[in-house]
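Every read-out reported here was derived from the displayed coordinates using simple, explicitly stated rules and does not represent laboratory data. The shown structure was predicted, so the numbers you read here are calculated from the model rather than taken from an experiment. So basically every Cβ, Gly included, is an ideal-geometry build from the backbone, and we count neighbours across all protein chains shown.
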Amino acid sequence: MSRWSSTWKQYKKHKYLFLLLSPVLIWYAVFAYSPMYGIQLAFKDFVYSKGIWGSPWVGFKHFDYLFTMSPDFWRIMRNTLLLSFYHILFGFPAPILLALLFNEIRIPLFKKISQTISYLPHFLSWVVIGGILITLLSPSTGVVNELIRLVGGEPIYFLGTEKYFRFTLVTSAIWKEIGWGTIIYLAALAGIDSQLYEAAVIDGANRWKQTLHITIPSILPVIAILLILRVGGILDAGFDQVLTLYSPAVYHVADILDTYVYRVGLQNFQFSLTTAVGLFKNVVGLALVLSTNYIVKKMGQEGIL
């Protein structure tokens, strides 16, 4: 029996499952794969009257401009990498720690209320949260600066000062997504065999040792997979958040690749150049996913490939 015949039999056997999956496959085909024909814009000078197919090929002209002639590219690249590094360093462990804390709560009602409260910010758009932050952090009328004045300090313009802007971005992003990020970890914690904890108690292990030697090793595969995916998106530093909160006063430390693409591509109509930036991001992301997956597998975890 040929491999094709065997595969086709499997499709026929599970045809109703594939039927359920078809809306997702259609969505990906229409919105994720069909637009990929536009990647060729990165190697063309786009002319409206000629369209994508008729525009002249220019090879690596736009990439050459980005890497050698663009006065802003490397500063923007540095900002993107720094923000993503801070998000991974401080934001990635935060849901893990919160999930471990939720796992230790023994009062079901209090646990549910706490989880619900931590989830809520995720469902608010950055436009709404941006308005809240601007109000709370206002140097003249904001609650935070009023508290700073009460203890004898000087007001701080968190969203308009380069020194504090990245700190504000990272902490607000952690606050918004920390609760939502705990969902997968709580599911992984729920799947740990309770007999392991019972055996540990018999051996005299306290809660800290149980967490260190049972809980964390049991959820390491989940942590590894999510870390691979997060590192793969290292050039995505939070477009919605930055676009909502930044201003010309902090462009030097706040401008990232996505805001550069938005400003140059949509406002200045340089579609070929911004397509080149997007393709560059995707290639780097793929390389990082494969590299991180390789390292994780070498460390004994499953990985995603």
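A few comments on the model shown:
- Directionally averaged projected area (the range 183-261, Cα convex hull): 7.6 nm².
- Relative contact order, percent, the range 1-143 [alpha-carbon distance under 8 Å, six or more residues apart]: 8 percent
- Unit charges at the beta carbon, dipole of the range 111-213: most positive-side option, L150, I183, G204: L150
- Debye, to nearest 20: dipole size of the chain, +1 on Lys, Arg Cβ, -1 on Asp, Glu Cβ: 920 debye
- Cut-off under 5 Å, modelled amide H: who pairs with K44 long-range: V58
- Rh by Kirkwood over Cα pairs, then Stokes-Einstein D for the range 31-104 at 0.692 mPa s and 37 °C, µm²/s: 202 µm²/s
- Taking the C-alpha atoms of the range 153-284, convex hull volume expressed per residue in Å³: 151 Å³
- Qualifying lysines (Cα of each under 28 Å from Cα of K112; at least 8 residues distant if same chain): K176, K209
- Helices in the chain that qualify as membrane-span-like (whole DSSP H runs, Cα extent of at least 18 Å along the helix axis, mean Kyte-Doolittle hydropathy of 1.6 or higher) are 216-232.
- For the chain, averaging the sequence separation of C-alpha pairs within contact (under 8 Å, six or more residues apart) and dividing by the residue count gives a relative contact order of 24 percent.
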